[in-house]
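Report on one structure; see the data block that follows.
The values are calculated or read from the model by the stated rules, or taken from the named source; none is laboratory data. Worth saying up front: this structure is predicted, and the values here are computed from it rather than measured. Methodologically, a virtual Cβ is constructed for each residue, glycine included, from the backbone with ideal geometry; neighbour enumeration extends over all protein chains shown. The protein model used for the area step is the full one, side chains on, heavy atoms only, and it has no ligands, DNA or RNA in it. Shrake-Rupley method; radii C 1.70, N 1.55, O 1.52, S 1.80 Å.
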Amino acid sequence: MSMDHAEAISNVQHLDALIVGAGFSGIYQLHQLRKRGFSVKIFDAAGGLGGTWYWNCYPGARVDSDFSIYQFAMEDLWKDWNFSERFPGWEELREYFHYVDGKLNLSRDIAFNTQIISARFDTTTDRWAVTTQHGTVVHPRFLILCTGYTSEPYFPDYKGLATFEGECHHTARWPQGGLELKGKRVGIIGTGASGVQMIQESGPITSHLTVFQRTANIALPIRQIKFDRKMHKEIKESHPFILRRRLQTFTGFHYDIIPKSLFDITPEERILVFEDQWSRGGFSFWLGTFEDIFHDQRANDEVYSFWRKKVLQRIDDPEMQRKLAPAVQPHPFGAKRPSLEHQYFEVFNRPNVTLIDIKENPIAEVTPKGVKTQDGVEHELDILILATGFDAVTGSITHIDIEGTDGVPIRDKWAKGASTYLGVMTANFPNMFFTFGPQAPTAFCNGPTCVEIQGDWIVDCIDYLQGRGLTRIVPTQVAENDYSKLVKDIASTQLWSHHKSWYTGANIPGKAVEPLNFTGGVPLYGRMLKESADRGFHEFSLS
Ligand code: N01
């Protein structure tokens, strides 16, 4: 059952909390707050549940984290649900969300097709005034932004883009009814995780595929597994331990980084470890190897060299080899979240696939018929796909017109860099929480792990205030400054923070370039949140 807009807003005037977003984070928040007796609603611009998995329904879209940790940890949910694959696709993830909906009866408190346009805090009532695209205003005590870190698509400003006469779609705004690629001339701009997934799916079925690559992708083998009944039984037995384990690891996965330098062992031993991690598939080769690859370029080069040898064997043409696996690292391995692939490199051996390195031969313009590159060639296309990523981590918050108590909108406050306290609140925006956003483990963490840790803290915080008759909480500027400095200090020792990518905001023209994530590890992050709650939220101003 889904609630229409009119129904949803008819009884929300005295809401305790309004949650924005019906993905993992928003759903968790809704369920936990309702359990404690709060009145809560979710508003979501999407037409259905799932957040990312509502919007990203392009062919081949699938999660890059093992199913075992990419689900809610609540026993009532995992014990009766079996994923059919190690890395489920978007269709199955949507089925999972519907299953969760059935179990937790979520939809009665969710208004879909309801976008938040603006929000202002009323200091006389200590309530937010939140306006939707329909012009309706609601007044929750707390505003909880569960808007995701890759939700605001980035559309490059190519000359002539609007003149293209074929179909043009961003991967994160894929037509809900699907789109036939078979037999079509397709162009894909962008070779991040979305591009890799689209390329490997569309290469074999399109009449011609033209890939416009700006940066080679150091993609890792996914090693998909299809589960049968016997495996499901074994999985269930280990599941409780896996869920607990993820809270102990640096990135909230169920395996951890080896806490020593790869130079501590001989080159022969090192290769054995690399081979072992490589054969496991997924992020094991990244999040399960030596800790110095994250901060020592020499160690990182060793990993790249291993990767390159593996990948070169799969690419026939020397020119393709040069572009897809360059001798010089395109960026430190892991400085961008690696993508997972299963036939990505083989696709470029096909006669119907062209790869254009747009650093060598830039896109000059988009024409009504296709894409013209600087060498004067017009690549004619029926479909143009923008796999060009996101205004990540902060974009889903700064794209809403949210005004602080000092009259400064959040987009202006963060224009020169995001600042938060504990990655969950920011000064001058009382009673506003956010999850999976800036200065939290976010892009360096398994999603459900992060949102459950943050979600529990938010629920405890609201409970604490309610129990004491308090109506306002906001972090102090001093606490925020100290925490933001800590985030930057930690990041400054790590290679990722010095590279231009969506991890640092450098993919968006004009956006502040800075480390957007807390990379001190999930256990430390969890401890800091817990300490704050245990000490009565002492670095916040409460009233
Ligand atoms: O986005 P990206 P994404 N002209 O920013 C290129 C999650 N996710 O959607 O590298 C030409 O990584 C850009 O080039 P460069 C996951 O966390 C997960 O692929 O900046 N090209 C890059 O190649 C993931 O990591 C899955 O030089 C332009 C690409 O577009 C994150 O989302 C699936 C350009 C953008 O890659 C982001 O992935 C999908 C321009 N003007 C997404 N602007 C799973 O597997 C950008 N590019 C779960």
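So for segment 447-458 (the condition being open to solvent by less than 40 Å² (accessible area, probe 1.4 Å) and in a loop (DSSP other than H, G, I, E, B)), does at least one residue qualify?
no
Only one of these conditions is not met by residue 260: (1) in a helix (DSSP H, G or I); (2) farther than 19 Å from residue 281 by Cβ; (3) among the charged types (D, E, K, R). Which number is it?
(1)
Just one of (1) away from the ligand (no atom under 16 Å from the Cβ); (2) closer than 30 Å to residue 389 by Cα trips up residue 121, so point out which.
Only one criterion is unmet by residue 121, namely (2).
Quick one: would you say residue 233 is part of a helix (DSSP H, G or I), open to solvent by 50 Å² or more (accessible area, probe 1.4 Å) and either within 16 Å of the ligand (Cβ to nearest atom) or out of contact with any strand residue (DSSP E or B) (no Cβ under 6 Å at 6 or more places or on another chain) (or both)?
So residue 233 fits the description; yes.
Let me spell it out: the conditions are (1) within 13 Å of the ligand (Cβ to nearest atom); (2) buried (at least 22 other Cβ atoms within 10 Å of the Cβ); (3) basic (Lys, Arg), and residue 246 meets all of them except one. Which number is the exception?
Unmet for residue 246, out of (1) within 13 Å of the ligand (Cβ to nearest atom); (2) buried (at least 22 other Cβ atoms within 10 Å of the Cβ); (3) basic (Lys, Arg): (1).
Checking the structure you have, find out if any residue of segment 179-187 is surrounded by fewer than 20 Cβ atoms within 10 Å (Cβ to Cβ) and either β-branched (Val, Ile, Thr) or free of Cβ contacts under 8 Å to residues at least 12 places away in the same chain (or both).
Yes; the residues of segment 179-187 include at least one that is surrounded by fewer than 20 Cβ atoms within 10 Å (Cβ to Cβ) and either β-branched (Val, Ile, Thr) or free of Cβ contacts under 8 Å to residues at least 12 places away in the same chain (or both).
Could you tell me how many of the residues in segment 528-543 are polar (S, T, N, Q) and either without any contact (Cβ under 8 Å) to a residue 60 or more places away in the chain or open to solvent by 50 Å² or more (accessible area, probe 1.4 Å) (or both)?
2
Could you list, in sequence order, the residues of segment 199-237 that are basic (Lys, Arg) and either touching a Cys at 6+ places or on another chain (Cβ under 7 Å) or within 29 Å of residue 502 (Cα to Cα) (or both)?
Within segment 199-237, 214, 223 qualify.
Among residues belonging to segment 270-301 that are of a type in the set (D, E, K, R) and under 18 Å from residue 335 (Cβ atoms), point out the one that is nearest to the chain's Cα centre (by Cα).
Among residues in segment 270-301 that are of a type in the set (D, E, K, R) and under 18 Å from residue 335 (Cβ atoms), the one nearest to the chain's Cα centre (by Cα) is 291.
For residues in segment 195-208 being within 14 Å of residue 387 (Cα to Cα) and in contact with a strand residue (DSSP E or B) (Cβ under 9 Å, 6 or more places away or on another chain), which is farthest from the ligand (Cβ to nearest atom)?
202
Within segment 26-55, how many residues turn out to be in a helix (DSSP H, G or I), more than 21 Å from residue 86 (Cβ to Cβ) and open to solvent by 10 Å² or more (accessible area, probe 1.4 Å)?
The number of residues fulfilling the criteria is 7.
Residue 469 fails exactly one of the following numbered conditions: (1) farther than 25 Å from residue 391 by Cβ; (2) open to solvent by 50 Å² or more (accessible area, probe 1.4 Å); (3) in a helix (DSSP H, G or I). What is the number of that condition?
With respect to (1) farther than 25 Å from residue 391 by Cβ; (2) open to solvent by 50 Å² or more (accessible area, probe 1.4 Å); (3) in a helix (DSSP H, G or I), residue 469 is out only on (3).
Checking the condition of a type in the set (Phe, Trp, Tyr), over 23 Å from residue 126 (Cβ atoms) and out of contact with any helix residue (DSSP H, G or I) (no Cβ under 6 Å at 6 or more places or on another chain), which residue from 436, 429, 444 passes?
That would be 444, the only listed residue that is of a type in the set (Phe, Trp, Tyr), over 23 Å from residue 126 (Cβ atoms) and out of contact with any helix residue (DSSP H, G or I) (no Cβ under 6 Å at 6 or more places or on another chain).
Go through 489, 412, 406 for me and flag whichever is of a type in the set (Asp, Glu), outside any helix (DSSP H, G or I), surrounded by fewer than 24 Cβ atoms within 10 Å (Cβ to Cβ) and without any contact (Cβ under 8 Å) to a residue 60 or more places away in the chain.
Exactly one of 489, 412, 406 is of a type in the set (Asp, Glu), outside any helix (DSSP H, G or I), surrounded by fewer than 24 Cβ atoms within 10 Å (Cβ to Cβ) and without any contact (Cβ under 8 Å) to a residue 60 or more places away in the chain, namely 406.
Where residues in segment 512-527 are assigned to a loop (DSSP other than H, G, I, E, B) and out of contact with any Pro (no Cβ under 8 Å at 6 or more places or on another chain), which of them is most open to solvent (accessible area, probe 1.4 Å)?
Filtering first and then ranking leaves 513.
How many of the residues making up segment 1-55 are modelled with pLDDT of 95 or more and of a type in the set (Asp, Glu)?
Residues flagged as modelled with pLDDT of 95 or more and of a type in the set (Asp, Glu) within segment 1-55 amount to 2.
If residue 367 passes every condition in (1) within 15 Å of the ligand (Cβ to nearest atom); (2) touching a Phe, Trp or Tyr at 6+ places or on another chain (Cβ under 9 Å) but one, which one does it miss?
So residue 367 meets the others, but not (1).
Residue pairs, Cβ under 8 Å, 6 or more apart or interchain, first in segment 196-222 and of a type in the set (Asp, Glu), second within 11 Å of the ligand (Cβ to nearest atom). List them.
These pairs meet every condition: 201/60.
If I filter segment 56-81 down to residues being of a type in the set (Ser, Thr, Tyr) and crowded, with 22+ Cβ neighbours inside 10 Å, which single residue comes out as modelled with the lowest pLDDT?
Looking at residues that are of a type in the set (Ser, Thr, Tyr) and crowded, with 22+ Cβ neighbours inside 10 Å, I get 65.
Can you tell me which residue among 513, 522, 424 is of a type in the set (A, V, I, L, M, F, W, C) and within 16 Å of the ligand (Cβ to nearest atom)?
Residue meeting the stated conditions: 513.
Could you say whether any residue in segment 337-347 is open to solvent by less than 10 Å² (accessible area, probe 1.4 Å), touching a residue at least 24 places away in the same chain (Cβ under 8 Å), among the small types (Gly, Ala, Ser) and part of a loop (DSSP other than H, G, I, E, B)?
Yes: one or more hits.
When residues of segment 113-153 are filtered for being open to solvent by less than 40 Å² (accessible area, probe 1.4 Å), at pLDDT 95 or above and either at positive phi or part of a loop (DSSP other than H, G, I, E, B) (or both), how many remain?
Residues flagged as open to solvent by less than 40 Å² (accessible area, probe 1.4 Å), at pLDDT 95 or above and either at positive phi or part of a loop (DSSP other than H, G, I, E, B) (or both) within segment 113-153 amount to 9.
Residue by residue through segment 338-378, note down the ones that are hydroxyl-bearing (Ser, Thr, Tyr) and under 17 Å from residue 160 (Cα atoms).
367, 373
Out of curiosity, is residue 393 part of a loop (DSSP other than H, G, I, E, B), within 14 Å of the ligand (Cβ to nearest atom) and among the aliphatic types (A, V, I, L, M)?
Considered against the rule, which asks whether it is part of a loop (DSSP other than H, G, I, E, B), within 14 Å of the ligand (Cβ to nearest atom) and among the aliphatic types (A, V, I, L, M), residue 393 comes out as yes.
Determine if segment 324-335 includes at least one residue that is closer than 23 Å to residue 55 by Cβ and within 10 Å of the ligand (Cβ to nearest atom).
The answer is no, given that none of the residues of segment 324-335 is closer than 23 Å to residue 55 by Cβ and within 10 Å of the ligand (Cβ to nearest atom).
From the list 305, 279, exactly one residue is among the small types (Gly, Ala, Ser), open to solvent by 10 Å² or more (accessible area, probe 1.4 Å), more than 15 Å from the ligand (Cβ to nearest atom) and without any contact (Cβ under 8 Å) to a residue 24 or more places away in the chain. Which is it?
The conditions single out 305.
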